[in-house]
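Q: After the structure tokens below, expect a handful of questions from me.
Just so it is clear, none of the values below were taken in a lab; they were calculated from the coordinates. In this text, all values refer to a predicted model and were calculated from it rather than measured experimentally. Ideal geometry is used to build each Cβ from the backbone, glycine not excepted, and the neighbour counts take in all protein chains shown.
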């Protein structure tokens, strides 16, 4: 549990998940998101996630991201507990690099 909360759980296969059309969910604040984010990411701050679960598609994987991987790990666990196929992508720059094929 502690490993997953700090983004240290199993590594997500980002290129595969993104190729499958995963939703990229950035859980940083709106201000953080406005300073840069992964291409195509949807912004729902972690503290508002439960309010907007109905807006996230359950028929495809969800890759969460944030600044360090901590909030995205918490978001992925929350989504999993509500029946989503969720994966912690860690830092948003890591997700962007996977999108770019780096």
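Q: Which one, (i) 13.8, 39; (ii) 34.3, 111; (iii) 12.0, 34, gives Rg and Dmax of the Cα atoms in Å as derived from the coordinates shown?
A: Only one option fits the structure, namely (iii).
Q: Also, I was wondering about something else. For the range 51-102, what relative contact order do you get, as a whole percent, if you take Cα pairs closer than 8 Å and at least 6 residues apart?
A: 37 percent
Q: So, in nm, how far is label residue 51 from label residue 19 when the simple model puts each one 7 Å beyond its Cα toward the Cβ?
A: Result: 3.8 nm between the two label points.
Q: Follow-up question, since we're still on this one. Taking a point 7 angstrom from the Cα of residue 85 along the C-beta vector, which residues in the range 34-71 have backbone N less than 13 Å away?
A: 57-63
Q: When ranked by the protection proxy of mean other Cβ atoms within 10 Å per residue, highest first, what sequence do the peptides 73-83, 33-43, 47-57 form?
A: 73-83, 33-43, 47-57
Q: Next question. Write down the percent of antiparallel bridges among all DSSP beta bridges whose residues are both part of the chain, to the nearest 5.
A: Of all bridge pairs located within the chain, approximately 0 percent are antiparallel.
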